[in-house]
Amino acid sequence: METRGNGAGETARPPGQWLAAFTFVLTVGITFAAVDWWPGASRGLDAFTNLLIMVGLGGLLLIAGLVWAVKTLYLVGRDRRWSWWIVPAPAIVVAALLVILLVPAPFHSARGDFEAAAQRFSTSPESQAFDVNVGPFTISSITREADGTIYFHDSDQAFFHAIGGWVYSPAEAPTGDGMYEKFESRHIDGPWYEFNARHPNW
């Protein structure tokens, strides 16, 4: 049973309901931003907005974690007491991490749409298209190179000279073909790659 005192003899209060509720709200927001899914939204937010949300809420979550740690150390270390209200805050954070790790990446949820778009565009007489919807994504441009490599530029990842998206490259790993000042790709599986690049400062 929790006890309270007055003045110098007051015992520490355990991290309570308010901290658990605050942690829950913060971790839900961070989880939504991490998996780019927001209730009631027809599509996700852009990558930069999600990053700002995660940084802002992450800072608040760090403060909440420090408060939880200090109160817990006082309660367990100094007062030699235990309260079940110590458990919810870290449990919520662990549950959120599991959700982030287990929920499929947005690309995988729309894999069929990308496959269909790649097959359709590989035989199209046009080598470039603009403002195309692929699943829940708005693709600012699709570009097919001479070797059959197809670049899907995600409009949500466009920020100043930076761009990102996905590449259908059945022959070999994409290199950017000299179109970018900086180009990095990560193999997803099969002929698919995720890329981040920077346009030249023309």
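Quick note: the coordinates plus some simple rules give every number you see, no bench work behind them. Quantities reported herein were computed from a predicted structural model and do not represent experimental measurements.
Calculated from the alpha-carbon coordinates, the range 68-202 shows an Rg and a Dmax of 22.4, 76 Å respectively. At q = 0.21, 0.25 Å⁻¹, what is the base-10 log of I(q)/I(0) for the range 105-172 according to the Debye formula with one equal point scatterer per Cα and no solvent? Please give it to two decimals. Here the Debye-derived log intensity ratios amount to -0.87, -1.20. Working note: Debye formula, equal point scatterers on the alpha-carbon atoms of the range 147-198, no solvent; log10 I(q)/I(0) at q = 0.18 Å⁻¹ is -0.50. For the range 134-149, backbone phi angles converted through the Karplus equation (6.51, -1.76, 1.60; θ = phi - 60°) give residue-by-residue couplings of 10, x, x, 9, 9, 8, 5, 7, 10, 10, 9, 8, 5, 8, x, 5 Hz, Gly and Pro being listed as x.
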